[in-house]
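This report refers to the structure that appears directly beneath it.
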Amino acid sequence: MSEREVTIRTAVVTYFPMFIAVLSLVTSIYNGYLNGKFVDIIQRNFGRTEYLRTCKEIIDAYFQVKFRAGIVSENVGRDPARGATGVSAAQIDAASAVSKFAALGTYLANLRDEPTRQQYTRLSGELDKAVREAAKTSPGELNKLFEPADRLFSDMNNDCVKTAQQ
């Protein structure tokens, strides 16, 4: 073997393992970076999924409130189920539906910013007011009673749609 071949072999034996080690280190660093990105994606997706699930539930709760308020309105002055307190079973159901809506709205609002939280609180208040007034309102005037809540609900629903499209 010539001296040149010995030098080349020595260089290859010395530097090739170092080259492999550097490649392994770079690969490991890049893998850590990708894992961090993957965890971020999963966390964002989980939060978005939870938000959308709650949006679905709160939309259902909103329409349950309106339905129950309609029943309260239709039973004005003729509900034989009134107890000693003068509150009908339909009014109790409607108030329960408002409470469920408010609970879901609070949860949903906790995932958002302060102005959105205030808007959801106003919506719960408007629904509570509408349900209390439903017992004194004819079925034909019920939609007018829900107009302020419907506007706030529309904004909330648009927020849910915007989140779903992200």
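The values are calculated or read from the model by the stated rules, or taken from the named source; none is laboratory data. The structure displayed is predicted, hence computed values, not measured ones. No Cβ is skipped: glycine too gets one built from the backbone with ideal geometry, and neighbour counts run over all protein chains shown.
Given the criteria surrounded by fewer than 15 Cβ atoms within 10 Å (Cβ to Cβ) and touching a residue at least 12 places away in the same chain (Cβ under 8 Å), does residue 144 qualify?
Details: surrounded by fewer than 15 Cβ atoms within 10 Å (Cβ to Cβ): yes; touching a residue at least 12 places away in the same chain (Cβ under 8 Å): no.
Criteria not met by residue 144.
Among the residues in segment 34-54, are any touching a helix residue (DSSP H, G or I) at 6+ places or on another chain (Cβ under 9 Å), in a loop (DSSP other than H, G, I, E, B) and surrounded by 10 or more Cβ atoms within 10 Å (Cβ to Cβ)?
Checked segment 34-54: no residue is touching a helix residue (DSSP H, G or I) at 6+ places or on another chain (Cβ under 9 Å), in a loop (DSSP other than H, G, I, E, B) and surrounded by 10 or more Cβ atoms within 10 Å (Cβ to Cβ).
For segment 119-142, which positions are out of contact with any Leu (no Cβ under 6 Å at 6 or more places or on another chain) and assigned to a loop (DSSP other than H, G, I, E, B)?
Result: 135, 136, 138.
If a residue has to be within 18 Å of residue 72 (Cα to Cα) and surrounded by 18 or more Cβ atoms within 10 Å (Cβ to Cβ) to count, how many in segment 96-123 make the cut? Working first, answer last.
Filtering segment 96-123 for residues within 18 Å of residue 72 (Cα to Cα) gives 96-101.
Retained after the next criterion (residues that are surrounded by 18 or more Cβ atoms within 10 Å (Cβ to Cβ)): 97-98, 101.
Residues in segment 96-123 being within 18 Å of residue 72 (Cα to Cα) and surrounded by 18 or more Cβ atoms within 10 Å (Cβ to Cβ): 3 in total.
Over 14 Å from residue 59 (Cα atoms), crowded, with 17+ Cβ neighbours inside 10 Å and in contact (Cβ under 8 Å) with a residue 24 or more places away in the chain: does that describe residue 91?
yes
Quick one: is residue 154 among the polar types (S, T, N, Q) and at pLDDT 90 or above?
Spelling it out, residue 154 is indeed among the polar types (S, T, N, Q) and at pLDDT 90 or above.
Within the set of pairs 6+ apart or on separate chains, which have a first residue in segment 59-87 that is surrounded by fewer than 18 Cβ atoms within 10 Å (Cβ to Cβ), a second that is at pLDDT below 85 and polar (S, T, N, Q), and C-beta atoms under 8 Å apart?
So the pair list comes out as 76/137; 76/138; 79/88; 81/88; 82/88.
Do you know which of the residues in segment 119-141 that are in contact with a helix residue (DSSP H, G or I) (Cβ under 6 Å, 6 or more places away or on another chain) and over 17 Å from residue 101 (Cβ atoms) is modelled with the lowest pLDDT?
Per the stated criteria, the residue is 139.
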